[in-house]
1. Scan region B:339-347 and tell me whether some residue there is part of a loop (DSSP other than H, G, I, E, B), out of contact with any Asp or Glu (no Cβ under 8 Å at 6 or more places or on another chain), on the phi < 0 side of the Ramachandran plot and open to solvent by 80 Å² or more (accessible area, probe 1.4 Å).
2. Can you pull out every residue in region A:1-43 that is in a helix (DSSP H, G or I), modelled with pLDDT under 90 and of a type in the set (Ser, Thr, Tyr)?
3. Restricting attention to region B:235-274, which residues are more than 28 Å from B:Ala171 (Cβ to Cβ) and aliphatic (A, V, I, L, M)?
4. Looking only at region B:159-177, filter to residues that are facing chain A (nearest Cβ under 9 Å) and in contact (Cβ under 8 Å) with a residue 40 or more places away in the chain; which one of those is surrounded by the most Cβ atoms within 10 Å (Cβ to Cβ)?
5. Which of the residues belonging to region B:128-158 are facing another protein chain (nearest Cβ under 7 Å) and among the aliphatic types (A, V, I, L, M)?
6. Within the bounds of region B:109-129, is there any residue that is open to solvent by less than 10 Å² (accessible area, probe 1.4 Å), within 27 Å of A:Val48 (Cβ to Cβ) and among the polar types (S, T, N, Q)?
7. If we scan region B:224-236, do we find a residue that is open to solvent by 40 Å² or more (accessible area, probe 1.4 Å), among the polar types (S, T, N, Q), touching a residue at least 12 places away in the same chain (Cβ under 8 Å) and touching a Ser or Thr at 6+ places or on another chain (Cβ under 7 Å)?
8. For the list (1) among the aliphatic types (A, V, I, L, M); (2) open to solvent by less than 60 Å² (accessible area, probe 1.4 Å); (3) within 13 Å of another protein chain (Cβ to nearest Cβ), I need the number of the one condition that B:Leu99 fails.
Amino acid sequence: MQELLFYIFSALTLICGFLVVANPFTRNPVTSAMFLVLTIVSMAGLFVLLNAFFLAAVQVMVYAGAVIVLFLFVIMLLDVKEVERQHYNLFGVVLGLLGLLSVGGMLIKAILASGVGKDLHPHMEGTTKDLGMKLFTDYVLPFEIMGVLLLVGMIGVILLSKKNLR
Amino acid sequence: MDFLNDSSHWGTFLFFSALKVVMAFAVVMPMVAYSVMLERRLSAAIQDRIGPNRVGPFGLLQPLADGLKSFLKEDFTPSHVRKVYFIIAPAVSMIPAFLTIAVIPFGSVMGTQAMVIANLNVGILYTFSVVSLGVYGIVLAGWASNSKYPFLGGIRASAQMISYEIAMGMAAVPVFMLVGDLNLGKVIEYQANGAWLVFKQPIAFVIFLVAAFAETNRLPFDLPESETELVSGYNTEYSSMKFALFFMGEYAAMIAVSALMVTLFFGGWTLPFFGLNEAATSIAGGIAHILVFLGKVACFMVFFIWIRWMIPRFRYDQLMDLGWRRFLPLALANIIITAAILWMQHL
């Protein structure tokens with residue numbers, strides 16, 4: 001049962017993820033955003049299969065519930081028309097390939113280093129309490145830095161959007 | 001049917017879960033229908049009218065007639081809409097409201113079965129994540145209609161719902177600081193052993209209540225569909241059953257959020273007298289608990305409807321001001337005060 005669900009959710013994640021960036025039927029940005037929602041929800045399904053309920057819930061709440069709604073908001077307000085057929089330029093293609101290869105290389109290296117199939121933990125320790133304990137003891141400095149970073153980002157956005165704030 | 005008494009068998013789990021899902025659906029759908037009727041009768045009483053009283057005794061069969069009418073009306077799709085989204089939007093707006101009900105304990109136990117569809121230990125986070133998906137139906141409807149009033153309604157809805165979601169989430173945090181668990185069953189247990197949380201966290205309750213009005217797009221915060229400026233907002237272009245789905249989605253969301261408030265602040269299925277505070281030992285006790293829960297939800301529904309006919313609509317800037325500049329700081333202060341009190345108790 002679990003295996004079956006894993007294959008269903010993985011397939012959904014991959015297919016929807018592919019349709020976000022390269023949908024053969026339409027180049028409508030809203031459709032891409034909606035497929036991104038589906039990708040995120042099926043990824044939340046994968047988290048649930050790992051018993052990481054907290055991550056699954058937060059994944060849906062933050063990304064599907066807030067971030068992509070804001071994406072939609074911007075797409076709709078700017079009234080982005082269907083993206084025109086891009087004419088590819090050599091520079092872009094080379095740069096893109098370079099980026100793809102380096103990220104792919106890193107991924108493959110990480111996967112090989114992790115030793116696939118050796119001492120598997122069937123569950124991630126994903127209870128809310130454990131996560132909170134870890135965040136506020138072992139990882140308190142990165143956690144606080146992240147908080148400051150977000151605050152700085154927020155203030156920056158307010159400053160940029162209020163032009164008469166001098 | 002032997003496996004029904006073997007609680008470890010997966011078939012038992014599947015059977016009872018399916019049964020509970022069907023039962024919950026069978027209870028919520030008529031509740032939706034009769035809330036609409038209640039709304040019409042109550043508004044009539046408030047405005048010194050009579051209201052629908054022709055169909056059946058006291059007009060009690062009115063929802064049936066309404067439903068039939070929705071099905072029989074012409075389902076008109078304007079030519080300028082974006083078809084796919086136009087068709088899926090009503091369904092998308094209705095599903096989250098029903099998904100929310102999955103984690104809410106609507107009774108204690110019946111036999112060996114706990115009366116909750118999914119006993120998740122991150123119950124409330126699940127609820128908030130599902131509630132946050134509710135905005136898609138309205139936004140997509142507004143955009144897919146491809147005309148200006150629905151579009152403005154959709155844009156308003158997305159901004160409003162994101163804003164009040166934050167206030168709502170923040171308001172619920174102190175509750176879980178007191179309880180020490182995210183499981184909604186534990187929240188009810190905590191309240192059964194002490195006082196209802198509305199007495200311990202009145203500020204949290206008020207913020208949550210107001211945010212609930214904004215999340216369900218009810219007056220005084222029904223700006224996404226305000227008739228006077230936007231005709232009917234996001235559902236202007238909809239007709240027949242598609243319109244009815246939006247309508248039902250709104251009432252289902254009201255029921256879901258009422259059930260959530262009953263669970264978080266009003267003790268869920270418990271009552272502090274008649275020994276209804278403990279898990280039921282008999283089938284009759286189990287049914288009594290479910291009836292107590294439904295009764296509390298019904299009280300909230302009446303309150304929701306009553307408010308609609310009593311308070312005029314807010315202006316949009318007032319709505320945003322209230323959400324971001326009043327409620328959010330208040331909710332944060334409430335969290336800090338609760339933390340301080342808990343800390344002092346542990347000294």
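The values are calculated or read from the model by the stated rules, or taken from the named source; none is laboratory data. Remember, predicted model here, so these are calculated numbers, not experimental data. Glycine also receives a Cβ, built like all others from the backbone with ideal geometry; neighbour counts cover every protein chain displayed. Accessible surface areas use protein heavy atoms only, side chains included; no ligands, DNA or RNA. Shrake-Rupley method; radii C 1.70, N 1.55, O 1.52, S 1.80 Å.
1. To start, the set of residues in region B:339-347 that are part of a loop (DSSP other than H, G, I, E, B) comprises B:347.
With out of contact with any Asp or Glu (no Cβ under 8 Å at 6 or more places or on another chain) added as a condition, the list becomes B:347.
Filter once more, so that each one left must be on the phi < 0 side of the Ramachandran plot: B:347.
Next, from what is left, pick out any that are open to solvent by 80 Å² or more (accessible area, probe 1.4 Å): B:347.
Within region B:339-347, one or more residues are part of a loop (DSSP other than H, G, I, E, B), out of contact with any Asp or Glu (no Cβ under 8 Å at 6 or more places or on another chain), on the phi < 0 side of the Ramachandran plot and open to solvent by 80 Å² or more (accessible area, probe 1.4 Å).
2. A:Thr31, A:Ser32
3. Of the residues in region B:235-274, the ones more than 28 Å from B:Ala171 (Cβ to Cβ) are B:235-245, B:273-274.
If the condition is that a residue be more than 28 Å from B:Ala171 (Cβ to Cβ) and aliphatic (A, V, I, L, M), then B:Met241, B:Ala244, B:Leu245 are the ones that fit.
4. Applying the first criterion (facing chain A (nearest Cβ under 9 Å)) to region B:159-177 yields B:159, B:161-162, B:165-166, B:169.
Narrowing the set further to residues that are in contact (Cβ under 8 Å) with a residue 40 or more places away in the chain leaves B:159, B:161, B:165-166, B:169.
Values: B:Ala159: 20, B:Met161: 27, B:Glu165: 23, B:Ile166: 16, B:Gly169: 19.
Residue satisfying both the conditions and the ranking: B:Met161.
5. Hits for region B:128-158 are B:Leu133, B:Val135, B:Val139, B:Ile155.
6. Taking region B:109-129 as the starting set, the residues that turn out to be open to solvent by less than 10 Å² (accessible area, probe 1.4 Å) are B:122-124, B:127, B:129.
Those left that are additionally within 27 Å of A:Val48 (Cβ to Cβ): B:122-124, B:127, B:129.
Next cut, among the polar types (S, T, N, Q) only: B:127, B:129.
Yes, some residue in region B:109-129 is open to solvent by less than 10 Å² (accessible area, probe 1.4 Å), within 27 Å of A:Val48 (Cβ to Cβ) and among the polar types (S, T, N, Q).
7. Yes, that holds for at least one residue.
8. (2)
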